[in-house]
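See structure below.
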């Protein structure tokens, strides 16, 4: 077993209990998704105030909701196309909220350099999702690149809990640029190999 | 696109053109590299607006120097 696989298994244990509780209470997954974004806005607020540890704790809570909504939908047999769409849209709001919190903090401190780094990281984070969504309307699958949403969220938490947000922003920026480039390259290759899918 | 033929070239290309799943050894290596960068790079080098000091690297260097 790999290190990250082991960590994943350890964290799955309490999450399974929470999922079971939500299923027992018959909470609709779309509501869980919405609660997640509201809590993420609170985390963004804490980031804007420079309270990184508080932001980290709030992010953990928010992302529990984010993580379990899909699993609860499965257990409750409430999986729907709208649920998937709603989840993706709300995830973008959560992502952007966190970046805006940091942009506010750095601009308050007169740090134009990090306002730019964070704004660019936000742009490429959004482009990461957009390139995949757009690519998968013309090719079968476009799941390449390292920096996806779970990695971004964990990095935000690492940066918040250990007060290393600047380094985290650099990592998110560089790896998001790579991820977007990977998706463009893959889409180009697939289309030129004649593996495009006609979409009605 | 033609892949780099040499081993270092291939490693760099595979790190850039990432196709590995989570919980693979390649993923572990990438995570360790990222965490090393985040935790070991002195905040002063990055001009971090919130953290100051040299971080663990400078701390170890000063320990070695006996300062």
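What follows is calculated from the coordinates using simple rules that are stated; it is not laboratory data. If you're wondering where the values come from, they're calculated on a predicted model, not measured in any experiment. Cβ atoms come from the backbone with ideal geometry, glycine included; neighbour counts cover every protein chain shown.
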Exercise for the section: Could you let me know the centre-to-centre spacing of the range A:12-78 and the range B:10-33, using Cα atoms, in angstrom? Expected result: 28 Å
Exercise for the section: Quick one: P(r) of the protein assembly as shown from all Cα-Cα pairs, 5 Å bins, percents rounded to integers, in order of increasing distance. Expected result: 1, 6, 11, 14, 17, 17, 14, 10, 6, 3, 1, 1, 0, 0, 0
Exercise for the section: Sticking with the crude label model, points 7 Å out along Cα→Cβ, report the distance from residue A:136 to residue A:23 in nm, one decimal please. Expected result: 2.4 nm
Practice task
Would you mind giving the mean number of other chain beta-carbons within 10 Å of the Cβ of each residue in B:43-53, as a whole number?
Solution key: 6
Practice task
Quick one: pull the percentage of alpha-carbon pairs in the range B:16-65 with a separation above 14 Å.
Solution key: 62 percent
Handout entry: residue A:126/residue A:2 FRET efficiency (R0 30 Å; Cβ-Cβ; nearest 0.05)
Key = 0.50
Practice task
Obtain the nm distance between the two label points defined at residue A:12 and residue A:86 by a simple spin-label model: each point lies 7 Å from its Cα along the Cα-to-C-beta direction.
Solution key: 2.6 nm
Problem - Burial ordering of A:141, B:65, A:71, fewest other beta-carbon atoms within 10 Å first - result: B:65, A:141, A:71
Completion exercise
Fewest-first ordering of A:147, B:30, A:12 by Cβ atoms within 10 Å yields A:12, B:30, A:147
Practice task
Name the residue, out of A:58, A:90, A:31, whose mean-square fluctuation peaks in a Gaussian network model built on chain A with Cα pairs under 10 Å.
Solution key: A:31
Completion exercise
Taking R0 as 41 Å and r as the Cβ-Cβ distance between residue A:54 and residue A:189, the FRET efficiency 1/(1 + (r/R0)^6), rounded to the nearest 0.05, comes to 0.35
Handout entry: Calculated diffusion of the range A:99-160, Stokes-Einstein form, Kirkwood radius summed over Cα pairs, 37 °C and 0.692 mPa s, µm²/s
Key = 251 µm²/s
Practice task
Rank the residues B:62, A:107 as a footprinting-exposure proxy: fewest other Cβ atoms within 10 Å of their Cβ go first.
Solution key: B:62, A:107
Completion exercise
Residue-normalised 222 nm signal for chain A, counting each DSSP H run of n ≥ 4 as -39,500 (n - 2.57), nearest 500 deg cm²/dmol, is -28000 deg cm²/dmol
Completion exercise
Per residue of A:171-177, other chain Cβ atoms within 10 Å number on average 2
Exercise for the section: Would you mind giving the mean number of other chain beta-carbons within 10 Å of the Cβ of each residue in A:81-90, as a whole number? Expected result: 0
